[in-house]
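Student: This structure is in structure tokens; I'll ask about it shortly.
Please treat every number below as a calculation from the coordinates, not as lab data. Worth saying up front: this structure is predicted, and the values here are computed from it rather than measured. As a convention, Cβ positions derive from the backbone with ideal geometry for all residues, glycine included, and neighbour counts pool all protein chains shown.
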Amino acid sequence: MSQTRRQYGRRCSWCFKQGHNKRTCPSYTAHLKRVAEKHGGHSLVMYVKRTGEMPDGSKPTGELAAVKETAKKASKRRCSWCVKMRMVGEGYGHNRRTCPHRKTWHADQTRDSRELRQSILNRAEALGVGMGSLVLAKKYVYNGNGFDWQKVVGMVVKVDWDAIDTTRLKGKPIITVRWQNLPATERYTATEEDFAIPRSWIPEDIAKRGWNLGQDSLKMLGKSSNPLATCPKDWVDRPITLCEPA
Ligand SMILES: [Zn+2]
Ligand SMILES: [Zn+2]
């Protein structure tokens, strides 16, 4: 193996990027699509063979349907990641383990998760937000005669640090709050409750990428003297087990 091969590994002969070959190259597929749309004929047959679809995403009919069937038989493998993520015309000729799109997804999410963690760390140090912080919530509680909205104070008693990443910002329980002053008559609220990551912990550039990230039902009241009490020392840099789309 040449020095270059050893240093850089597999490279695509079409786009020269690493991690895939021309057979699975998304940029070559896109190129074929443009040519097929413009000229039809042989390039259209090649496109249908490669993707199993017409350039507009519809099912091939007539002669082209036959082309598609032959191509399907020749390459039965289809990547489950690409199918799930609805990568148009992708997924043929590779599998989930070797999927270039999945690799890119992991690299992006890991990078963003590290940014998220660093930002939470900075906030914890500057504002005392984290383990031991006092929080305030409005809760619908039973006061002896009926139900009533009351302000309840709680303390953050647990942070699931390793579950904090950009793939779990929608509703996944991250912090546990122990309520301090629930009315003695209240029977329906547990002393401890889990909450998703507070919206205020999510940096702006990450927050604006999705709707419904985090929660804002808890108002941070008080600084903690040791907000990173249970946080692993290598939290930002340690390997992150991402939650892949189900
Ligand atoms: Zn390529
Ligand atoms: Zn794939």
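Student: About the Cα centre of the chain, what is the dipole size in debye to 20, counting +1 per Lys and Arg Cβ and -1 per Asp and Glu Cβ, all else neutral?
Tutor: On the way: 45 positive and 24 negative charges, 313 e Å.
With only Lys, Arg, Asp and Glu charged at Cβ, the dipole is about 1500 debye.
Student: Still on this structure: At a Förster radius of 30 Å, what calculated FRET efficiency corresponds to the Cβ-Cβ distance of ARG199 and HIS31, to the nearest 0.05?
Tutor: 0.10
Student: Taking the Cβ-Cβ separation of PHE16 and ASP56 as r and a Förster radius of 25 Å, what is the calculated FRET efficiency to the nearest 0.05?
Tutor: The pair PHE16/ASP56 has a calculated efficiency of 0.30.
Student: Can you tell me the mean projection area, over all orientations, of the convex hull of the chain's alpha carbons? Units nm², please.
Tutor: 20.1 nm²
Student: Ok, one more. At 0.36 nm per residue, and after removing the present C-alpha to C-alpha distance, how many nm does the segment from ARG97 to LYS84 gain when stretched out fully?
Tutor: Gain in length upon complete extension: 3.3 nm.
Student: If R0 is 41 Å, what FRET efficiency do you get for ARG23 and LYS151 from their C-beta distance, rounded to 0.05?
Tutor: About 0.10, to the nearest 0.05.
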